[in-house]
Amino acid sequence: MTSIIKFQALSGCFDESPHCYLLEIDDFTILLDCGWDELFSVNLVDSLKQNINKIDAVLISYPDLLHLGALPYAVGKLGLNCPIYGTVPVHKMGQMFMYDWYLSRYDSEEFAIFDLDDVDKVFDRMTVLKYNQTIALKGKGYGITITPVPAGHMIGGTIWKIVKDGEEDIVYAVDYNHKKERHLGCCELEKVTRPSLLITDAYNMLYQQPRRSARDESLVVSILATLRSQGNVLLAVDTAGRVLEISNLLDNIWHNKEAGLFAYNIVLMSKVAHNVNEFAKSSIEWMSDRMVKSVDDARNNPFQFRSVKLCHSFEDLKKIPSPKVVLASMPDLECGFARDLFVMWCGQPNNSVIFTQRTSPGTLARYLVDNLGRVLSLQLDVRSRAPLAGKELDEYLQTKKQKASETMEYEESSEDEDEISGPVGHDIMVMEEPRRQGKKPHFPVFPFHEEKVKVDEYGEVVKHEDFLIVDGVEEAEKDISDAQEEPEEDMEIEEIPTKCMSQSKILKLNCNILYIDFEGRSDGPSIERLVFQVKPRRLIIVRGSQEACEKLSAGCQAENIWMPQKGDHINATIERHIYQLLLKDSILKDLMFKKCRESEVAWVTGQVVYDTGSTDIEKSDVAEAKKNQPHLDLVDYNLIPSHKTAFLNDIKLSDFKQILGKNGIPSEFIGGTLRCCGGNISLQRLETGKVSIEGTLSEDYFKVRDLLYEQYAII
């Protein structure tokens, strides 16, 4: 039966909005990515709020903000409760992306859109998959399978292949890279042929990449010129995606003595730099063949950096002498170490700031990239978090003390209510009191007093004195008193209250500002070639300028092409005259299957029935889904009509010539006809794709015919 396929764009087509789309297959809704921009634009999640309750599964393609940035908000604040699927690196690196993003925002503003607990909820719920691992969905998604295919661009990057009942195959491929890189292989989109529906983007359709050698040379020359002039270099990079390619490149160049860079320092700086490096070292199997070979043959992990130093704070950075190269997050310069270093270094003419990717419109980095060489000064809000002092600190401590006293009073009142009145110091039975009118009888019991156990967020409060081992009583009493006095003082010392401060400054941009493309996306000619090679029946184009989308549409030969705007609904269903039937065991056991390429086929004759109460059907969690499907049942043997023999498989005469040679029968091609046995037998390929055999009836004729029939699946 034909599956109903609908598509809704939660982000627009003719812009650079993050990826977020709804794909509905029958009554099962899949959220394709859940991205957010660097500015937390509220309008991007309005559509997500309206559809949050209908989402049954989420597929994540890459670990960066454009593909999963809104997931913590959706799970923690909107109540998204469904399975989330992604590859192992998307799970690991995606968590690092969100940690770094939150911590960088928290350092510069009162950030309350989501917190680290919301981030943990997302990745605790994520189901991790390997490349080319097919998983069948359950429940409402019965009959749907999903398969992640390598996409390049970032470690763990995924092209999703979604198949319904083995018929409708949908491919979701965005931001892929067809080129091999130092740490990643290329995408495998070309292995997908003739899908029912292809969903792809046209973001780079109007762009043509320079050669990789020219790009790398441009980066090294710019860095070397700045360092030799005793200046510092800031590379604004992401947290755990494209930074792996750049850091591996620079570490190898620094290690090469001929480059002359070993005298300078290179630093990777982010809130989670150490974790990202450790994850990269343990994820080599997800990288290029070159990386895997380096580990297997030379026992050399490419991310065991020899020159790159890891920093997590400005205190660490100050210990490294200048001149130096710093790879700092975030790439948009809206927050993070990169923004702080930009403010510090942009006024010095011997410094350089290099952007390696285009961020969302409206960000500081995008403004500078779009206006290279034209911005001389900039008014910027310099934000930071500072500890409270003076009157503000006193007010904070007073408020905290008042809350603590209120909490203590509440606990004491609760304890008083739970105490049992009556004698508790002797072991005698309490005599029964005289029964009063209208009251239930009481029976004599032993008095019992239950002490209330004090607990906090970690469980039962432990008394330190119960676990002290000392020699003398005086030492024990001293240790007990010390243990009772220390906690409150430590708590006050450890917790340092802070506040966010903002100051508007006018910055002189005297430094060199460059943009060198390290995005790792396919360019226009490559996208056009790949889409033409895939030959999709239907095509949905998302994320790109109007000119780019129209150019991709013009070069594609799909039957239907859509370019949806935000909120548009598309019905991508095409009537297919293919129906599914369930075979009962009574008819399945007598079938004779024949091998046909990679499948097995059999001829079956029966009658279609709707038998909801059959006992032949296997009892399982998909019984409800099978309930209303038609079944093929037996018919009377005498009523089965005869059928013409069917020859399945396409045979090439060139392949059959080799088969004849292996069986000692010489043959040759004459005018497109294969002749053998002295020219007495001829074989010719017909327009239908079948092979006809003609010749004198003899022992050789029947031998050749038997060999020919063996190549067919005859039913």
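Structural remarks
- Entry remark, the range 38-49: residues being modelled with pLDDT of 90 or more and surrounded by fewer than 21 Cβ atoms within 10 Å (Cβ to Cβ) number 1 in total.
- Residues that are farther than 22 Å from ARG105 by Cβ and at pLDDT 90 or above within the range 321-330 comprise PRO321, PRO323, LYS324, VAL325, listed in sequence order.
- Residues located in the range 24-37, provided they are at pLDDT below 90 and buried (at least 16 other Cβ atoms within 10 Å of the Cβ): ASP26
- Every test in (1) open to solvent by 60 Å² or more (accessible area, probe 1.4 Å); (2) of a type in the set (Phe, Trp, Tyr); (3) within 35 Å of the chain's Cα centre (by Cα) is passed by TYR396 save one, and that test is (3).
- Within the range 257-273, tally of residues that are open to solvent by 20 Å² or more (accessible area, probe 1.4 Å) and either under 29 Å from the mean Cα position of the chain (by Cα) or modelled with pLDDT under 85 (or both): 6
- Hits in the range 680-694 - residues which are open to solvent by 40 Å² or more (accessible area, probe 1.4 Å) and either touching a Ser or Thr at 6+ places or on another chain (Cβ under 9 Å) or free of Cβ contacts under 8 Å to residues at least 12 places away in the same chain (or both): ASN680, GLN684, ARG685, LEU686, GLU687, THR688, GLU694
- The numbered conditions (1) within 30 Å of SER504 (Cα to Cα); (2) at pLDDT 80 or above are all true for TYR396 except (2).
- Within the range 32-57, residues that are more than 30 Å from VAL237 (Cα to Cα) and assigned to a helix (DSSP H, G or I) have Cβ atoms under 6 Å from residues that are at pLDDT 90 or above and of a type in the set (S, T, N, Q) in these pairs: LYS54/THR29, counting only partners at least 6 apart in sequence or on another chain.
- When residues of the range 367-377 are limited to those that are part of a loop (DSSP other than H, G, I, E, B) and farther than 21 Å from SER17 by Cα, the one most open to solvent (accessible area, probe 1.4 Å): ARG374
- Filtered residues of the range 631-653 (kept if touching a residue at least 40 places away in the same chain (Cβ under 8 Å), open to solvent by less than 50 Å² (accessible area, probe 1.4 Å) and under 10 Å from GLN607 (Cα atoms)): HIS631, LEU632, ASP633
- Scanning the range 321-348 for residues that are of a type in the set (Val, Ile, Thr) and open to solvent by less than 20 Å² (accessible area, probe 1.4 Å) gives VAL325, VAL326.
Yes or no, residue by residue, for (1) surrounded by 12 or more Cβ atoms within 10 Å (Cβ to Cβ); (2) within 30 Å of LEU514 (Cα to Cα); (3) not small (Gly, Ala, Ser):
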site	(1), (2), (3)
SER360	yes, yes, no
ALA365	yes, yes, no
VAL382	yes, yes, yes
LYS400	yes, no, yes
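- Selection of the range 193-249 for residues being more than 28 Å from VAL326 (Cβ to Cβ) and open to solvent by 20 Å² or more (accessible area, probe 1.4 Å) yields THR193, ARG194, TYR203, LEU206, GLN208.
- Whenever a residue of the range 208-236 is over 20 Å from LEU268 (Cα atoms), its partners that are open to solvent by 30 Å² or more (accessible area, probe 1.4 Å), lying with C-beta atoms within less than 7 angstrom and at least six residues away or across chains, give the pairs GLN208/PRO525; SER229/ASN350.
- Any pair with Cβ under 6 angstrom, 6 or more apart, that starts in the range 530-557 at a residue that is without any contact (Cβ under 8 Å) to a residue 60 or more places away in the chain and ends at one that is part of a strand (DSSP E or B) and open to solvent by 10 Å² or more (accessible area, probe 1.4 Å): SER553/ILE561
- Enumeration of residues in the range 58-88 that are open to solvent by 10 Å² or more (accessible area, probe 1.4 Å) and of a type in the set (S, T, N, Q): ASN81
- Any pair with Cβ under 9 angstrom, 6 or more apart, that starts in the range 120-138 at a residue that is farther than 24 Å from VAL192 by Cα and ends at one that is among the charged types (D, E, K, R): PHE123/LYS92; LYS138/ASP621
- Residue within the range 122-132 that is in a strand (DSSP E or B) and either charged (D, E, K, R) or in contact with a His (Cβ under 7 Å, 6 or more places away or on another chain) (or both) present: yes
- On the stretch given as the range 142-172, residues that are surrounded by fewer than 24 Cβ atoms within 10 Å (Cβ to Cβ) and small (Gly, Ala, Ser) total 2.
- Condition broken by GLY79, with the remaining ones in (1) touching a helix residue (DSSP H, G or I) at 6+ places or on another chain (Cβ under 6 Å); (2) at positive phi satisfied: (1)
- Condition met for ALA404 (modelled with pLDDT of 75 or more, under 29 Å from SER313 (Cβ atoms) and open to solvent by less than 90 Å² (accessible area, probe 1.4 Å)): no
The values are calculated or read from the model by the stated rules, or taken from the named source; none is laboratory data. Note that the structure is predicted; figures quoted are calculated from it, not measured. All Cβ positions, glycine included, derive from the backbone under ideal geometry; neighbour counts span all protein chains shown. Accessible surface areas use protein heavy atoms only, side chains included; no ligands, DNA or RNA. Shrake-Rupley method; radii C 1.70, N 1.55, O 1.52, S 1.80 Å.
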